[in-house]
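Participant: The following block contains the structure, expressed as structure tokens.
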Amino acid sequence: MLMLNLVRQGIFGELLHGECGYLHDLRDVKFSTDGEGLWRRAHATRRNGNLYPTHGLGPIAQYMNINRGNRFEYLVSMSGPSRGLQFWQQEHLAADDARRTERYVLGDVNLTLIKTVLGQTIYVVHDTNSPRPYSRINLIQGTRGLMQGWPDRIYVEGRGQAHRWDTLETYFQQFEHPLWRSERVRQASGGHGGMDFLEDWRLITCLRSGLALDQDVYDATAWSCLCELTERSVAHKSRAMDVPDFTRGSWRTRPPLGIVEG
């Protein structure tokens, strides 16, 4: 949300490129015998593509005004070898465990590139089968600088030292999103550091006030359809896949997501 505010303030200039992803070691989860492990592992047995683009792509899409003056035009995608789940099943499962005979097709690392109609590029990576710390990357690059998450760092031309990353402390002081400055949010505890409260509070506020939600069915469809499109691209030697315009042209006139006051 800090990054969104900085984008709206024009701190990064014209946006050129974004990077995001879902990099989360879920091998032990996938081999659990109940809950999400069942469907996560099942997907890996029959699908090869970017199976979870939305978590990282949502913020990038909002920075770039996707469906609100901009849209995804096409993508290309490729996957590497499938190894992580095979190693896990052989190293951690009992010899008589039926799961040892399962075969997986999901590449451990999927790389996807998206081009927007305004010419911007977006890199989306998916990796849930490798030993690694969690990350969503979350990077935005403009003509005047860039900001990256995981680790959090920023560089803006004319602010700070040339060719050196800055920390975010001063940017939070000056540009923190107004919703996070709300006293109700600051006093919230638990739920991802108050994040869950903020999300629920904002949703309920929109519903009670008859306001359009900050992300809608068109956003959900544009972000989610990439799962299928990346699978098709991977299956056809990274062939370019057009992203449908689910707004039927209204993306040209829909207003961008603004900075909401607390």
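Participant: Within the stretch 14-63, take every residue that is in contact with a strand residue (DSSP E or B) (Cβ under 9 Å, 6 or more places away or on another chain) and small (Gly, Ala, Ser) and give me the one that is nearest to Gly142 (Cα to Cα).
Facilitator: So the first thing to find is which residues in the stretch 14-63 are in contact with a strand residue (DSSP E or B) (Cβ under 9 Å, 6 or more places away or on another chain), and the list is 14-25, 48-61, 63.
Adding the requirement that they be small (Gly, Ala, Ser) leaves 18, 21, 49, 56, 58, 61.
Details: Gly18: 9, Gly21: 19, Gly49: 28, Gly56: 18, Gly58: 18, Ala61: 14 Å.
Applying the filter and picking the extreme gives Gly18.
Participant: Then there's this: Inside the stretch 215-241, can you point out the residues that are over 30 Å from Leu203 (Cα atoms) and either without any contact (Cβ under 8 Å) to a residue 12 or more places away in the chain or outside any loop (DSSP other than H, G, I, E, B) (or both)? Reasoning before the result, please.
Facilitator: Initially, the stretch 215-241 is screened for residues over 30 Å from Leu203 (Cα atoms), giving 230-241.
Passing the criteria: Thr230, Glu231, Arg232, Ser233, Val234, Ala235, His236, Lys237, Met241.
Participant: From the list Arg184, Arg132, which residue is over 21 Å from the mean Cα position of the chain (by Cα) and among the charged types (D, E, K, R)?
Facilitator: Working: Arg132 fails: over 21 Å from the mean Cα position of the chain (by Cα).
From the options Arg184, Arg132, the qualifying one is Arg184.
Participant: Right, here's the next one. Can you tell which of Ala212, Ala222 is surrounded by 14 or more Cβ atoms within 10 Å (Cβ to Cβ) and under 22 Å from Leu4 (Cα atoms)?
Facilitator: Details: Ala212 fails: surrounded by 14 or more Cβ atoms within 10 Å (Cβ to Cβ).
Within the list Ala212, Ala222, the selection yields Ala222.
Participant: What residue, among those in the stretch 132-142 that are out of contact with any helix residue (DSSP H, G or I) (no Cβ under 8 Å at 6 or more places or on another chain) and in a loop (DSSP other than H, G, I, E, B), is surrounded by the fewest Cβ atoms within 10 Å (Cβ to Cβ)?
Facilitator: Out of the qualifying residues, it is Pro133.
Participant: Let me ask something else. Within the stretch 91-130, how many residues turn out to be surrounded by 16 or more Cβ atoms within 10 Å (Cβ to Cβ), among the β-branched types (Val, Ile, Thr) and touching a residue at least 40 places away in the same chain (Cβ under 8 Å)?
Facilitator: 8
No lab work stands behind these numbers, since they all come straight from the coordinates. For clarity, every value in this text was computed on a predicted model and none was experimentally measured. Glycine also receives a Cβ, built like all others from the backbone with ideal geometry; neighbour counts cover every protein chain displayed.
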